[in-house]
Amino acid sequence: RDAVISALLTAVIIRVISAAPGYLFLAPIQSSGKTTLIDIIFRSVFGYPAGAAPWNFKEEEAVKTILSILREGHAGVVFDNIPNSSHIDSAEVGKLITSEMYQARVLGVNETATCVANILVTGSGNQITLKGDLISRVIPISLTPNTENPEERHFSRPDVLKWTEDH
């Protein structure tokens with residue numbers, strides 16, 4: 001819970017601070033609520049749903065994704081559905097998390113772009129392990145549904161995303 005509150009508060013202040021940790025929402029199985037929880041944070045703070053980006057294991061693809069997100073002016077990103085049981089490491093994502101400015105070569109031209117890098121960086125996946133510099137730059141948030149079939153759970157607010165927008 002403390003880590004979720006940290007992610008929420010980081011979202012609130014991310015645009016006025018120079019760097020913040022990333023957050024990795026983890027669970028043992030699918031349908032545990034990882035993406036929904038991230039979406040609640042985005043809708044509550046930014047006023048729109050989280051934009052999902054692919055997790056790229058090739059750094060040159062990660063550069064293109066990150067640069068596009070920053071140039072479009074998004075307040076945050078979720079690297080959603082990282083493949084199950086992955087051991088993730090990325091120098092580019094690490095640089096995005098800890099740098100005030102992100103600099104990379106623009107695809108197809110001999111030009112470098114420099115963008116302000118103060119965005120909320122989140123990810124989600126099942127049974128993911130952090131490696132390298134991401135260990136000290138990302139806060140893991142573990143969700144445990146306490147059931148073998150979390151998609152069959154019932155909640156007092158069946159449409160929590162609609163409720164979040166309304167309140």
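The values are calculated or read from the model by the stated rules, or taken from the named source; none is laboratory data. Note that the structure is a prediction, hence the values are computed from the model and not measured. For neighbour counting, all protein chains shown are included, and Cβ atoms are generated from backbone atoms with ideal geometry for every residue, glycine included. Heads up: the accessible areas ignore ligands, DNA and RNA and are worked out on the full protein's heavy atoms, side chains in. Shrake-Rupley method; radii C 1.70, N 1.55, O 1.52, S 1.80 Å.
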Legend entry - First in segment 32-47 and open to solvent by 40 Å² or more (accessible area, probe 1.4 Å), second anywhere and in a helix (DSSP H, G or I) and among the acidic types (Asp, Glu), Cβ under 6 Å, 6 or more apart: ARG43/GLU165
Legend entry - Checklist (1) on the phi > 0 side of the Ramachandran plot; (2) touching a helix residue (DSSP H, G or I) at 6+ places or on another chain (Cβ under 9 Å) applied to ALA113, failing item: (1)
Inset, instruction - Read through the list (1) in contact with a strand residue (DSSP E or B) (Cβ under 6 Å, 6 or more places away or on another chain); (2) open to solvent by 20 Å² or more (accessible area, probe 1.4 Å); (3) among the β-branched types (Val, Ile, Thr), then give the number of the only condition that VAL160 fails. - result: (1)
Inset, instruction - Take the residues in segment 119-144 that are of a type outside the set (A, V, I, L, M, F, W, C) and open to solvent by less than 20 Å² (accessible area, probe 1.4 Å), then tell me which one is farthest from the chain's Cα centre (by Cα). - result: ASN126
Inset, instruction - Find the residue count for segment 98-131, including only residues that are in a loop (DSSP other than H, G, I, E, B), of a type in the set (A, V, I, L, M) and touching a strand residue (DSSP E or B) at 6+ places or on another chain (Cβ under 9 Å). - result: 4
Legend entry - Yes/no for GLU111 being open to solvent by 70 Å² or more (accessible area, probe 1.4 Å), closer than 23 Å to VAL16 by Cβ and at pLDDT below 95: no
Inset, instruction - Tally the residues that are open to solvent by 90 Å² or more (accessible area, probe 1.4 Å) and in contact (Cβ under 8 Å) with a residue 12 or more places away in the chain, restricting the search to segment 145-157. - result: 2
Inset, instruction - Considering each residue of segment 15-34, count those that are under 29 Å from MET101 (Cβ atoms), at pLDDT below 95 and not small (Gly, Ala, Ser), and give that number. - result: 3
Legend entry - Residue count, segment 125-139 (criterion: of a type outside the set (A, V, I, L, M, F, W, C) and within 16 Å of GLY94 (Cα to Cα)): 6
Legend entry - Verdict on ALA75 being in contact with a helix residue (DSSP H, G or I) (Cβ under 6 Å, 6 or more places away or on another chain), under 28 Å from LEU26 (Cβ atoms) and either open to solvent by less than 20 Å² (accessible area, probe 1.4 Å) or basic (Lys, Arg) (or both): no
